[in-house]
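First comes the structure, then the notes that go with it.
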Amino acid sequence: MIKVLLVDDSPIALLTISRILETASDIEVVGRAANGQEGLSLIPQLNPDVICTDLHMPVMDGLRFTESVMQKFPCPILVISISVFDSKSDNVFKLLQAGAVDVFAKPRAGLRAGDEAVAKALIQKVRAINGVVSFTRRRPHAQSISVSAKAVPVQVKSSITPPHGSFEIVAIGASTGGPLAFEEILSALPANFPLPIVCVQHISDGFLAGMVSWLDSLCKLKVKQAAHLEKIEAGTVYFAPEGKHLIVNKSKQLQYTPSDGTNLYCPAVDVLFDSVAEQYEHKGLALLLTGMGDDGARGLKRIADHHGMTIAQDEASSIVFGMPHKAIEMKAACLVLPLALMADKLVGMVKQSKT
C-alpha cells in the first residue's frame with residue numbers, strides 16, 4: 001500500500017482528495033492535516049510514502065512545509081494547488097526548488113470525487129512519485145553544475161558512433177521531475193547559445209504557462225510556448241502547448257498536430273523527436289530526461305539512426321528513470337550523462353560542431 005498524508009486547509013479538499021485516492025486499491029490515506037505545522041507533527045508517527053500538500057495555508061504554508069520536510073523527513077511531495085493559474089504562479093515552482101517532486105493543478109471549479117479524468121490523473125501522479133528518492137537538500141545550481149567530468153563517469157554507448165558536422169537544433173523531452181531538470185540545464189546556457197531548443201514536458205492541465213514564465217525569469221535565453229507555424233529562431237527555447245503535439249515541418253516551422261490516439265501523452269516526446277530526425281537527420285541533437293514510462297525512447301532511437309547526437313539522463317540524477325532507461329535499453333543514447341553535466345556538454349558539442 002502507498003501511504004499518503006494530505007495537507008490542506010480546506011476540509012472539503014481533504015475529504016474529496018481522500019475519496020479520490022481511496023478508490024485505488026493500492027493507496028491508503030493515513031492522515032490529514034489543516035496546515036504545514038500540523039502535517040509536520042504527523043510525519044514521524046505515520047511515516048507516509050507520499051505527501052500531498054496545498055501551497056496557501058495558515059500557520060505554515062506549503063513552501064515552508066516542503067522545506068521542513070526535506071530537512072527533517074525527506075519524502076516525495078506532490079503539490080496539489082489551484083495556484084498554477086495565478087499570475088504569481090512562480091510560487092508553486094519554488095516548492096519544486098525546495099524539494100517537491102511534482103505539481104497537480106486543482107481544477108478551477110474544484111476537485112470532485114466523481115470526475116473520472118481528474119481522479120485518474122491524480123492517482124497516476126501519486127503512483128508515479130511513490131518510491132522516488134528524496135534529497136534532504138537541493139544543491140544550489142552553481143554548485144551542481146560545477147561537478148567535473150572526472151568526478152561523475154560519462155558512459156559512452158560504443159554501438160553508436162557520435163555524428164560529425166554542425167548541429168542545427170536541440171530537442172528535449174521530459175516527464176516527472178522535468179521542470180527542475182529543465183531549470184538545471186536551460187538556466188546554465190549562455191545568452192549567445194546559437195541553436196533553437198524545442199521541448200516537450202508532460203504536464204497537468206494549467207501547469208505549462210506558469211512553468212514557461214518561471215523558466216523565462218531564470219534563463220538568459222528567451223523561453224516561450226511555441227506558436228502554430230512559428231518559424232524557429234536560434235537562441236530561443238520553445239515548449240509544446242498543452243493538449244497538442246508539436247513537430248518541426250519541412251519549412252522548419254513549429255507546427256501543432258492533433259492526437260491520433262497512438263500516443264499515451266499529448267504532447268508526446270516521440271512525435272517531436274520523429275520530426276527532428278526527419279527534418280534534420282545528423283544535424284539534430286536530442287536529450288531525453290527524467291520521467292515515467294517510455295515516451296521519447298523510440299524517437300531518440302530514430303534520431304540516433306539518422307546519425308544525430310542523442311543523450312539520456314543517468315539513473316542517479318533522474319527523479320524517475322523510466323524514459324531514459326528505456327532509451328538506454330534500446331541503445332538509442334550516444335551518451336548517458338548526469339543532469340549536472342548536460343549544459344556544459346551541450347555548449348561544448350555545439351561549439352565543437354561549429355569549428
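The values are calculated or read from the model by the stated rules, or taken from the named source; none is laboratory data. These figures come from a predicted structure and were not determined experimentally. Every residue, glycine as well, gets a Cβ built from its backbone with ideal geometry; the counts of neighbours run over all protein chains shown.
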Helices (runs of 4 or more DSSP H) contained entirely in segment 1-104, each with at least 1 residues that are small (G, A, S), crowded, with 20+ Cβ neighbours inside 10 Å and in contact with a Phe, Trp or Tyr (Cβ under 6 Å, 6 or more places away or on another chain): 36-46
What pairs come up if the first residue lies in segment 268-283 and is of a type in the set (D, E), the second is surrounded by fewer than 24 Cβ atoms within 10 Å (Cβ to Cβ), and their beta carbons are under 7 Å apart, counting only those six or more places apart or on different chains? D270/N263; D270/R298; D274/R302; E281/H306; E281/H307
Counting only helices (runs of 4 or more DSSP H) entirely within segment 280-355, those with at least 3 residues that are under 16 Å from the mean Cα position of the chain (by Cα) and either over 27 Å from Q253 (Cβ atoms) or modelled with pLDDT of 95 or more (or both) are 322-329, 339-354
Matching residues in segment 290-347 - criterion: being farther than 15 Å from L180 by Cα and hydroxyl-bearing (S, T, Y): T310
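Do the conditions hold for Q255, that is, is it under 29 Å from A227 (Cβ atoms), in a strand (DSSP E or B) and of a type outside the set (A, V, I, L, M)?
Details: under 29 Å from A227 (Cβ atoms): yes; in a strand (DSSP E or B): yes; of a type outside the set (A, V, I, L, M): yes.
When the stated conditions are applied, Q255 passes them.
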Only residues in segment 16-39 that are over 10 Å from L6 (Cα atoms) count as the first member; pair them with residues that are among the charged types (D, E, K, R) and assigned to a strand (DSSP E or B), Cβ under 6 angstrom, at least 6 apart or cross-chain, and list the lot. E28/K3
